[in-house]
DNA sequence: CCGTATCCTTGGTGATACTG
DNA sequence: CAGTATCACCAAGGATACGG
């Protein structure tokens, strides 16, 4: 049965929200070229907190996009790896990341233009 | 200059966050087949509040992905349309929506499996 | 090394009402 | 019809400390 992401109550919209959320694209992207350890991911995703990384990984694991393997060595060693299901989203997410990287300058320009055009009715020295 | 979305301070990460945010994929998707009025968008995106739609559209306009045209008829008429820049993200976002619609069932299954496997150390009648 | 628990702050989001 | 303004709230997310 094909669902419609435009329908409010459709569960697939939650799924869209999930893959389109802040860190998902980066985590999945970093797992593209093989399994990674927790620490590796943490280091690569500059600025992510331990909490958010754990949370993102849990969600992805629960949704079946990645697997989590524990090697009971000392010290502990945990690896995350994309599943077949997870590899299915890899491509669109990569395209999104690439687009962001390639079009940043155009967007920055657009912003400047927009912000300069906005203050049309700006009074010379009013408070707000 | 090519930026890296994995770098904390890279402005292109903000851009990634933007296109990957809750409503963006749906709004842009709905504009794929031509200009739409505010009300049309509102009706199509079931569950979006007026505030969030306005906010999403403003951001997209500011970033140069869509244009906003006002026809001073009575009653007022406003149309939103994708720019060339905006049409550049159309494809990956469509792929994402499609993936969500097609793989929802697999994900639902994975969740069930995960949730049933979790309560391993569940005590018979503990609080919490 | 990997993860959980807790506290605490912020802002995203919806509901509602009002204006051009 | 489109949009702004205000309020109120819950949950996302960071910092920190502790545990396996």
*Is there any pair with a first residue in segment A:46-71 that is over 17 Å from residue A:88 (Cβ atoms) and a second that is in a loop (DSSP other than H, G, I, E, B) and more than 7 Å from DNA strand C (Cβ to nearest atom) whose Cβ atoms are under 7 Å apart and which are 6 or more apart or on different chains, and what are they?*
A:46/B:6; A:46/B:7; A:46/B:8; A:47/B:8; A:48/A:23; A:52/A:23; A:53/A:45; A:56/A:23
*Which of the residues belonging to segment A:54-63 are near DNA strand C (Cβ under 8 Å from one of its atoms) and within 13 Å of chain B (Cβ to nearest Cβ)?*
A:57, A:58
*asked:* Quick test for you: out of B:68, B:87, B:37, pick the one residue that is surrounded by 13 or more Cβ atoms within 10 Å (Cβ to Cβ), modelled with pLDDT of 95 or more and away from every other protein chain (no Cβ under 14 Å).
replied: B:37
*Name the single residue, out of those in segment B:72-84 being outside any loop (DSSP other than H, G, I, E, B) and in contact with a strand residue (DSSP E or B) (Cβ under 9 Å, 6 or more places away or on another chain), that is farthest from residue A:95 (Cα to Cα).*
B:77
*Name the single residue, out of those in segment A:24-34 being within 11 Å of chain B (Cβ to nearest Cβ) and farther than 17 Å from residue B:92 by Cα, that is surrounded by the fewest Cβ atoms within 10 Å (Cβ to Cβ).*
A:30
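The values are calculated or read from the model by the stated rules, or taken from the named source; none is laboratory data. Predicted, not measured: the structure shown is a model, and the values here were computed from it. All Cβ positions, even for glycine, are placed from backbone atoms using ideal geometry, and neighbour counts span all protein chains on display.
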